[in-house]
Structures are given as structure tokens and as C-alpha cells.
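> Once you've had a glance at the structure underneath, I'll fire off some questions.
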Amino acid sequence: MTTESPTILSAAVLDALGEIVGRDNLVYGPEELLVYECDAYTIEKQLPNVVVLPRNTAEVAAVVRLCAEHSLPIIPRGAGTSLSGTVLAVTGGVMIALTRMNRILQIDYRNRRALVEAGCVNAWITQAVKARGLFYAPDPSSQSACTIGGNVATNSGGPHTLKYGVTTNHVLGFEMVLPDGEVCWLGTRPEGGEDVAGFDLRGAFIGCEGMFGVVTRVLVGLSRAPQSFKTMMGVFESVDEASQAVSDIIAAGMVPGAMEMMDQLITQAVEAAYHFGFPLDAGAVLIIELDGLAAGLERQAARVIEICRANGAREVRLAKTEAERLELWKCRKRAFGAIGRLSPNFLTQDGVVPRSKLPEIMRFIRACSERQGLRIPNVFHAGDGNIHPLILYDERDPEQVRRALAAGHEILAKCVELGGSVSGEHGIGVEKIDFMAIQFTAADLAAMQMLRRVFDPGQRCNPHKMFPGSKRCSDFAPKKQAAA
């Protein structure tokens, strides 16, 4: 690493940054910087030295060149909804927040694509093209706030990943600023065709967690909106029964748009918050959405209901109207917000297991909850085995923090043991660094590091993320604080 101690920012550099973007587009007061001390992974916190709010690519490039001249770390940041400390300024540095670069620049209806700035909010794209029967498929639960640049950095997924895939399946190309300030384009250009010769550097960049450069503009693919939907809510006595229903639906040859599961604790919290009508005594609720051509969808829905009932569903409700369907999805996507009724803090994981192992990992999570003395409600993408246990704790109690971290470690280790992965969509960030050496060989990690150095030889771009040996905020804390 090039930065092994806290970054010091001189007054001259601060003045130079102000000249590039304007003093009103700098955030550097300690109180104002608190907003940027962490993302949605709140266990580790660290202030950047300054936050820069550029308005165009030229300003981003100028800022990056200045940082290169002074060997300063840069931390690209979007809306801060990431869940693994991906945008944490571990040793301080210059944070480049792209939220003011938020325009939809061009919509190409004929070729079904749109050119947007990195700070464009995910949901805005679908809103802009909905009237023409199109939509942007990746739909993270934070889609009303998260931005496209951040989606590219973490290869975001969402409930409809099962059928439509993740961000990399819908990003055609993008403009980026390399860590030396050079501006380049990877993938399909807005004015070009679909085919790109040579290596797929676009694909290599997506999911790099901001360690290769700063994304400024993105060309996204648009999809034709489904003609019809059949959205159902199955009510089960147990997570095991609901999990078996998921496997049987896939085995029957159907690929729903989404299959989402909520256990009893999260269902109760969601119902208390949003009053949809979820059954409070159900062991699990399974949301299943079929979409596509209207012809044949009724028959598929009947088959899904039959499979759910064969697996012990006591009730399967079919959304009667579009408004009811949208309300059901609104409740599901606000599930994390409802946790505030249960606990002041939560730590969420996003490990992945084979679908057939869902009952086993759910039983393990229940045992872990009892072992650590912490409640762990679950809401997750059941269709692709992407779990989201929400470990509840109070950050004011150091012992609860310790147990929450221990629970998260145990759950992720079990995911790997069951043949899965430690992350399906949230990324590694600072949170899961230790697991990289468990999931990958030393040769794998060396190859990843070599690729990173192709883009960022000095490793100044979003440093101390993903790889074993990277620094943590605790490494730079005062000894007394670290011991606490």
C-alpha cells in the first residue's frame, strides 16, 4: 500500500481543489464531514480529509490529476447506500462524491439504451422510459436512492436478478477517469454499435469497488417491460417448506421474475410499519412474481400455486390489481427500513448458497442467533440463494458489537462451507476482507492484484479494500480506543 498512515492535506491542495470545483463544492469542516464517515455498513467509520462535489467529467479528471501529483488517495462515492464499507476513507484522503452529476443525458429508444451520469439514481431511468414500455432491469432494494456509478462499482443485483441478471448484464459501456487523470471509455460507445473488439475490460471493471478508477458516464441497456404480471404471496408455516417450494418451482421449468422470502420476525416488523396485511403468525412469506407474455401466464401461476400448496402453504394470495402488486413490492423493498422498529442498529450479510441448501443455512442462522444472543431476522433473494440475515445489535454496547461481528463471520463461513460465496451483491469492501483468503487461493488473489495495478499502479484509488493485508480503520485508531 502507498498510504500506511493517516493522510495529511495541505492548505495549498485544499485551495487548488477549490479552484477546480469552486469552494462551494468542497466539504471539509469536521461536522459537515460526518455525513461521509461511513456507508450503510456503520460499524467502521472514518472521516475523509475533504469531499469534492464535481459537476462534470473535466472537473473529476482535474481533481484526480491533482491527487496524483500529491500522491493522495481518492475514494469515489455515490449515494453511500453500499453495505460493506466500500466507500470508507480508511486513512482519510480525497473523497469524490458524484451526486451532482446526476443527469440522464440521452435516451436512444430505437436501440433501447440510455446515457446517464454516474450520480443518476437507479429508479430515475425506469421512470424516464416507462411511458415508452421500457425499463432498466437491475433493481436493488435501495434503487430509489442508489446511483448508477455505485451500481457499476459493486455490480449490484436486486430481487429480479433471478431472471434478468445483475448490473454487468445491463451496462454496455462507460466513461471513466483513471487514477492518473486520463479519461477513457470502456465497452460500447453511445454513438457506436453493440460489438466491441478485444478484451472485455468493461466486464473486468464492473464490480471492482472503485479500485480501478472513477466512473463518470454510463451507457445502460433498456429492456422491454413485461406485458403482464402474476404476483403471489405464499404463506408457509416454516422457512424449510417455503425453501422447498422455491426449488420445486425452478425444477418445474419456470424462471419467475423474482422469488423473495421473509421470515416471521421481519414480516412482523414490515407489517407494523406498512400495514399491508402480512400474516403475523406465518413462519415464512414467499413473494413470487411471474412476468412475460400474457398468454400462458395464468397457467404458470396455477402451477406455482399448486407447488406452494404441495409444500404446505396454508394460503397463496394473488395480487388483484397493479396497485396491490406495487404495494407488495414497496413493503418488500422497505424491509430494511422497518428494522428500526426492532433495533437501533443492524449488520446485514449477503452470502450465497445453492438453493437446495437454503433450509440448512436458515437452521444455522437460527442456531447462531441463539448462540450469540442476538435476534437475526431474514429477508432474501430465495430464487438465487442470496441470503440477507439482519443481525440486530446496539452499537452503544461493545459486547453486542463483538457478538454481531462474530455472528456475521460464522454465517459467511458456513456459506463457503456449503459451496457458496461470501457476497452475492454487496461486495467485499472492508467488511469481508478476511474471507477473500478463504474463498480464493493465493494465486487467485495475486492475479486480481495484478489486474488492479494495470489500472492503478500506485494503488491510490479506493485503497485498503477487498484484499487481505489491507488496513482497517481500527489500525489507525488511538491505542486506548482500539483496545475498547
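The values are calculated or read from the model by the stated rules, or taken from the named source; none is laboratory data. Please read all numbers here as calculations on a predicted model, not as lab measurements. Here the Cβ positions follow ideal geometry from the backbone for every residue, glycine too, while neighbour counts run over all protein chains shown.
> Could you grab me the full set of residues in the range 312-345 that are of a type in the set (Val, Ile, Thr) and without any contact (Cβ under 8 Å) to a residue 60 or more places away in the chain?
321
> Those residues that are hydroxyl-bearing (Ser, Thr, Tyr) and within 29 Å of residue 293 (Cα to Cα), I need them from the range 232-276; list them, please.
243, 247
> Taking only pairs six or more apart or across chains, which ones have beta-carbon atoms under 7 Å, a first residue in the range 282-298 that is over 22 Å from residue 268 (Cα atoms), and a second residue that is in a loop (DSSP other than H, G, I, E, B)?
290/256; 290/257; 291/226; 291/257; 292/226; 292/227; 293/227; 294/227
> Would you pick out the residues in the range 299-308 that are closer than 23 Å to residue 224 by Cα and either modelled with pLDDT under 95 or crowded, with 16+ Cβ neighbours inside 10 Å (or both)?
300, 301
> If residue 276 satisfies all but one of (1) surrounded by 23 or more Cβ atoms within 10 Å (Cβ to Cβ); (2) in contact (Cβ under 8 Å) with a residue 40 or more places away in the chain; (3) within 15 Å of residue 317 (Cβ to Cβ), what's the number of the condition it fails?
Among (1) surrounded by 23 or more Cβ atoms within 10 Å (Cβ to Cβ); (2) in contact (Cβ under 8 Å) with a residue 40 or more places away in the chain; (3) within 15 Å of residue 317 (Cβ to Cβ), the lone unmet condition for residue 276 is (1).
> Consider residue 311 carefully, then state whether it is surrounded by fewer than 19 Cβ atoms within 10 Å (Cβ to Cβ) and polar (S, T, N, Q).
Answer is no for this residue.
> Which numbered condition trips up residue 348, out of (1) more than 30 Å from residue 43 (Cβ to Cβ); (2) in contact (Cβ under 8 Å) with a residue 24 or more places away in the chain; (3) of a type in the set (S, T, N, Q)?
Going through (1) more than 30 Å from residue 43 (Cβ to Cβ); (2) in contact (Cβ under 8 Å) with a residue 24 or more places away in the chain; (3) of a type in the set (S, T, N, Q) one by one, residue 348 breaks only (1).
> Would you be able to say whether some residue in the range 183-203 is over 29 Å from residue 100 (Cα atoms) and in contact with a helix residue (DSSP H, G or I) (Cβ under 9 Å, 6 or more places away or on another chain)?
Yes, some residue in the range 183-203 is over 29 Å from residue 100 (Cα atoms) and in contact with a helix residue (DSSP H, G or I) (Cβ under 9 Å, 6 or more places away or on another chain).
> Within the range 418-426, is even one residue in the same structural domain as residue 352 (by TED's automatic domain parsing) and assigned to a helix (DSSP H, G or I)?
Within the range 418-426 (the criterion being in the same structural domain as residue 352 (by TED's automatic domain parsing) and assigned to a helix (DSSP H, G or I)), the answer is no, since none of the residues qualifies.
Residue by residue, here is whether (1) free of Cβ contacts under 8 Å to residues at least 12 places away in the same chain; (2) of a type in the set (Gly, Ala, Ser); (3) farther than 22 Å from residue 152 by Cα; (4) surrounded by fewer than 21 Cβ atoms within 10 Å (Cβ to Cβ) holds:
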position	(1), (2), (3), (4)
14	no, no, yes, yes
27	no, no, yes, yes
36	no, no, no, no
44	no, no, yes, yes
50	no, no, yes, no
57	no, no, no, yes
60	no, no, no, no
64	no, no, no, no
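> Consider the range 15-31. How many of its residues are over 20 Å from residue 101 (Cα atoms) and out of contact with any helix residue (DSSP H, G or I) (no Cβ under 8 Å at 6 or more places or on another chain)?
Selection size over the range 15-31: 4.
> Follow-up. Please give the number of the condition residue 215 fails out of (1) outside the structural domain of residue 324 (by TED's automatic domain parsing); (2) aliphatic (A, V, I, L, M); (3) crowded, with 24+ Cβ neighbours inside 10 Å; (4) closer than 18 Å to residue 386 by Cβ.
Among (1) outside the structural domain of residue 324 (by TED's automatic domain parsing); (2) aliphatic (A, V, I, L, M); (3) crowded, with 24+ Cβ neighbours inside 10 Å; (4) closer than 18 Å to residue 386 by Cβ, residue 215 violates only (4).
> So which strands (runs of 3 or more DSSP E) stay within the range 280-380 end to end and still have 3 or more residues that are under 26 Å from residue 157 (Cα atoms)?
Those strands (runs of 3 or more DSSP E) span 284-292, 345-348.
> Kindly check whether there is at least one residue in the range 164-186 that is within 26 Å of residue 258 (Cα to Cα), out of contact with any strand residue (DSSP E or B) (no Cβ under 9 Å at 6 or more places or on another chain), touching a residue at least 60 places away in the same chain (Cβ under 8 Å) and of a type in the set (A, V, I, L, M, F, W, C).
The answer is yes; a qualifying residue exists.
> Here is a further query. Checking residue 309 against (1) touching a strand residue (DSSP E or B) at 6+ places or on another chain (Cβ under 9 Å); (2) in contact (Cβ under 8 Å) with a residue 12 or more places away in the chain: exactly one of these is not met. Which one?
The number of the failed condition is (2).
> If you don't mind, there's one more thing I want to ask. Looking at the range 220-228, is at least one residue assigned to a strand (DSSP E or B), at pLDDT 95 or above and touching an Asp or Glu at 6+ places or on another chain (Cβ under 8 Å)?
yes
> Moving on. Checking the structure you have, find out if any residue of the range 432-446 is part of a loop (DSSP other than H, G, I, E, B), modelled with pLDDT of 95 or more and under 16 Å from the mean Cα position of the chain (by Cα).
yes
> Still on this structure, please answer the following. Determine which member of the set 431, 410 is touching a residue at least 12 places away in the same chain (Cβ under 8 Å), under 25 Å from residue 360 (Cα atoms), of a type in the set (D, E, K, R) and buried (at least 23 other Cβ atoms within 10 Å of the Cβ).
431
> In the range 158-171, is there at least one residue being closer than 25 Å to residue 380 by Cα, touching a Lys or Arg at 6+ places or on another chain (Cβ under 8 Å) and not acidic (Asp, Glu)?
Checked against the condition, which is being closer than 25 Å to residue 380 by Cα, touching a Lys or Arg at 6+ places or on another chain (Cβ under 8 Å) and not acidic (Asp, Glu), the range 158-171 yields at least one hit.
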